[in-house]
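The values are calculated or read from the model by the stated rules, or taken from the named source; none is laboratory data. Since the structure is predicted, the reported quantities are computational estimates derived from the model, not experimental observations. Every residue, glycine as well, gets a Cβ built from its backbone with ideal geometry; the counts of neighbours run over all protein chains shown. For accessibility, only protein heavy atoms count, side chains too; no ligands or nucleic acids. Shrake-Rupley method; radii C 1.70, N 1.55, O 1.52, S 1.80 Å.
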Amino acid sequence: MNQTCAVKRYTFGTPFPTHAVVRSIPCETGEVQEMLVRDEGRILQLLLDAEDIVFGLGEQVRGLNKRGWKYISNNTDDPNHTEGKHSLYGSHNFLMIDGIEKIGLFIDTPGKVIFDIGYSMSEQLRIEIPDRNYDLYVITGPSSEAVVHTFRALIGRSYIPPRWAFGYGQSRWSYETADEVREVVREHRERGIPLDMVYLDIDYMDDYKDFTIDSEKFPDFPSFVQEMKEQQVHLVPIIDAGIKKAEGTYSVYDEGMEKGYFCKDAEGKPFEVAVWPGRSYLPDFFREDVRTWFGDHYRGLLDMGIDGFWNDMNEPAIFYSDKRLKEVFAKIEEYKKQNLDVNSFFEFQASVSGLANSPEDYRSLRHDTEAGRIGHESVHNLYGALMTKAAADGFRRARPDTRTLMFSRSSYIGSHRDAGIWQGDNMSWWSHLKMNVQMTASLNMCGFLYTGADAGGFGDDASPDLLLRWLGFAVFTPLLRNHSVRGSRRQEIWRMVRTEECRQILSLRYAFLPYIYSEYMKAVFEDGLLFRPLAFAYPDDARARHVEDQLLFGEGLMLAPVVEQNAWGRYVYLPEDMKLLRMRSACDYDEEILQKGDHWVPAMEHEILVFIRPDRIVPFGSGEARSTEQVSTEELRLLSYIKTKAAYDLYTDDGVKNVQGPEDGIIIHYEQSV
């Protein structure tokens, strides 16, 4: 841990153990000097200076600087991530205040937390913790990067996926048959489009039942998995949180019901909800025996050759409960007798739309924990993280020496040790491309390094220019997936009118892959960041501190994605002299040295802007690989901008076995000088 930072822990009430923090920090017994405490700890207040920037909160709406809005940690299944929303799929209660003082705050509680960051009063940070049972960690240090590094050391090492998981993945809800998947792979291979993964959404299952295969749509599944691997493609199936109610025909349900493994209601009866399969039950992941039972069920798919999964619907998402459905049906009968005017019509509409993810249903859920039976609301934000832990522990039992791909939709700080996350069911909106850029850096601060958004957007219809621009940023995110919803415009690259331009941009992913993988692993080993705001590296540059749409990427690069429709370039601020690479493919790019300051940089839709920082080296491949297995660290080119001299240590390993540190891999050293 960085010894230049001071860490203090203050405990209020009786916190529920989240296990987010893995380092032991003694509890302070005095007053919280940095905060103004109100209402017995339910309110924390801090005055903000005009120039203070507030970073953090991981997966949230709006920009890098979180000032001016109210954010609520309350994991929510809501794909319409508009600026007016307050909650998304994950809860990441870490803030970094970057001003004259550098202060990190972590509110460790699995219940709701409300962050009013200059929303009510522009000069005030007000944090409300209704449950009043939490640990508060206060970190102070000489720089924002030092504070974040210290926080990262507190919460433990980030997850390491297999190396093939850094390749390009194609997905859609849903590829419904093995032949359709074969078509996807064939089109990529015949057209020279790189591909490492095809994701299987819910239609691969037998009647939407977890851990099952529809044998008519996917006959002889183990042979099919092997057939794909022979083409260097990994199949990655989805697993949902809800277990279908199917008495006598579904062993997972029967065993869960027999052993009392499902969440209960206030009367102690299994609480019935509905998700994809209809009526279902939610495993009580707060129980260790339930996590073991659920996690061991992944073994069946592992034994078929599957080596990666994505967990979904684990906020938990609830379409409806029987109790609420009956209430709505009764109301509908009453509405039938009415003349629906402006008031009654919208009331009727809200009664139906309010079925999904109803607060009343969440209040009805109970969990059995070591502390006894507790209401779901007080631990809501931990449910998805515990599903992820169940899976990760199952992988460790089944394949203790081998990495397994896992990423989740819902998360809490701490689950970054077990898996990555994708940034939820986004939309094909330009605003969501920009949000992807900003959210990625914020998630890195909270330990989530293996992350990315659905490139091109999941919902709505993607345009070719949006997909091109999105890929221009996503080729650098560790999780690179093209994913779309059933009924939307097909956005597989070969179906787009600008296939060749998309293919060329994807070639850059595989050319940069040695650098991307190396920088990712260094960030893991050193509790560092893969993506950083400019403010972290240039704290004394007032302009750099307020840049919202440029990010530092690893040791040597700055990225400046174009995130506006019909733009043929963008303004870029350079805190120091840099080399611009205007890239169209791995073998087609222009170079130019730009001086510190403001620049208008042209960038056509098939071009991406990459800047090399002074005295930095970036190893770079040919871009000819069509899968990660074809990427080599031999005979790499060196992209560089040398003013005096530079050195770079490239980390690599076999990408499959678990590693503990750089000593488990290979270091290739490069040097250049004028």
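Computed quantities for the displayed model
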| quantity | calculated |
| --- | --- |
| Candidates 168, 159 - the one that is open to solvent by less than 10 Å² (accessible area, probe 1.4 Å) and within 30 Å of residue 502 (Cα to Cα) | 168 |
| Selected residue (criterion: modelled with the highest pLDDT) from residues of region 100-156 that are among the β-branched types (Val, Ile, Thr), over 22 Å from the mean Cα position of the chain (by Cα) and assigned to a loop (DSSP other than H, G, I, E, B) | 129 |
| Any hit, region 375-385, residues being open to solvent by 30 Å² or more (accessible area, probe 1.4 Å), in contact (Cβ under 8 Å) with a residue 12 or more places away in the chain and of a type in the set (Ser, Thr, Tyr) | yes |
| Single residue of region 108-143 satisfying the filter (touching a strand residue (DSSP E or B) at 6+ places or on another chain (Cβ under 8 Å) and without any contact (Cβ under 8 Å) to a residue 60 or more places away in the chain) that is surrounded by the fewest Cβ atoms within 10 Å (Cβ to Cβ) | 120 |
| Test result for residue 548, among the charged types (D, E, K, R) and in contact with a helix residue (DSSP H, G or I) (Cβ under 8 Å, 6 or more places away or on another chain) | yes |
| Residue that is acidic (Asp, Glu) and touching a Leu at 6+ places or on another chain (Cβ under 9 Å), where the choices are 519, 492, 526, 500 | 519 |
| For residue 481: the one exception among (1) in a helix (DSSP H, G or I); (2) charged (D, E, K, R); (3) buried (at least 21 other Cβ atoms within 10 Å of the Cβ) | (1) |
| Residue in region 328-350 that is touching a strand residue (DSSP E or B) at 6+ places or on another chain (Cβ under 9 Å), hydrophobic (A, V, I, L, M, F, W, C), within 28 Å of residue 411 (Cα to Cα) and without any contact (Cβ under 8 Å) to a residue 40 or more places away in the chain present | no |
| Residue check, residue 192 over 30 Å from the mean Cα position of the chain (by Cα) and either in a loop (DSSP other than H, G, I, E, B) or surrounded by 23 or more Cβ atoms within 10 Å (Cβ to Cβ) (or both) | no |
| Test: residue 565 is modelled with pLDDT of 95 or more, under 22 Å from residue 646 (Cα atoms) and among the polar types (S, T, N, Q) | no |
| Residue 542 vs. criteria surrounded by fewer than 18 Cβ atoms within 10 Å (Cβ to Cβ) and aliphatic (A, V, I, L, M) | yes |
| Positions within region 573-589 being under 22 Å from residue 474 (Cβ atoms) and open to solvent by 10 Å² or more (accessible area, probe 1.4 Å), in sequence order | 582, 584, 587, 588, 589 |
| Of the criteria (1) surrounded by fewer than 13 Cβ atoms within 10 Å (Cβ to Cβ); (2) at pLDDT below 95; (3) assigned to a loop (DSSP other than H, G, I, E, B), which one residue 81 fails | (1) |
| Scope region 59-108; condition under 21 Å from residue 138 (Cβ atoms), polar (S, T, N, Q) and out of contact with any Ser or Thr (no Cβ under 9 Å at 6 or more places or on another chain); matching residues | 65 |
| Single residue of 570, 616, 626 found to be under 14 Å from residue 515 (Cβ atoms), open to solvent by 10 Å² or more (accessible area, probe 1.4 Å) and either basic (Lys, Arg) or out of contact with any helix residue (DSSP H, G or I) (no Cβ under 6 Å at 6 or more places or on another chain) (or both) | 616 |
| Matching entry among 37, 22 (being surrounded by fewer than 17 Cβ atoms within 10 Å (Cβ to Cβ) and in contact with a Gly (Cβ under 7 Å, 6 or more places away or on another chain)) | 22 |
| Residue within region 468-476 that is among the small types (Gly, Ala, Ser), within 22 Å of residue 187 (Cα to Cα) and assigned to a loop (DSSP other than H, G, I, E, B) present | no |
| Of all residues making up region 509-539, the number that are farther than 11 Å from residue 553 by Cβ, open to solvent by 10 Å² or more (accessible area, probe 1.4 Å) and either of a type in the set (Ser, Thr, Tyr) or not in a helix (DSSP H, G or I) (or both) | 5 |
| Residue among 425, 465 that is surrounded by fewer than 24 Cβ atoms within 10 Å (Cβ to Cβ), at pLDDT 95 or above and not in a helix (DSSP H, G or I) | 425 |
| Subset of region 428-462 (residues that are within 14 Å of residue 492 (Cα to Cα) and crowded, with 23+ Cβ neighbours inside 10 Å) | 428, 454, 455, 456, 457, 458, 462 |
| Test: residue in region 535-549 that is among the basic types (Lys, Arg), more than 21 Å from the chain's Cα centre (by Cα) and within 20 Å of residue 438 (Cα to Cα) | yes |
| Neighbours by Cβ (under 8 Å, 6+ apart or cross-chain): first from region 19-40, at negative phi; second of a type in the set (Phe, Trp, Tyr) and open to solvent by less than 50 Å² (accessible area, probe 1.4 Å) | 20/106; 20/412; 21/106; 21/137; 25/137; 27/10; 28/10; 32/10 |
| Filter result (more than 29 Å from the chain's Cα centre (by Cα) and β-branched (Val, Ile, Thr)) within region 12-42 | 14, 29, 32, 37 |
| Residues being in contact (Cβ under 8 Å) with a residue 40 or more places away in the chain and farther than 16 Å from residue 633 by Cβ - total across region 660-670 | 1 |
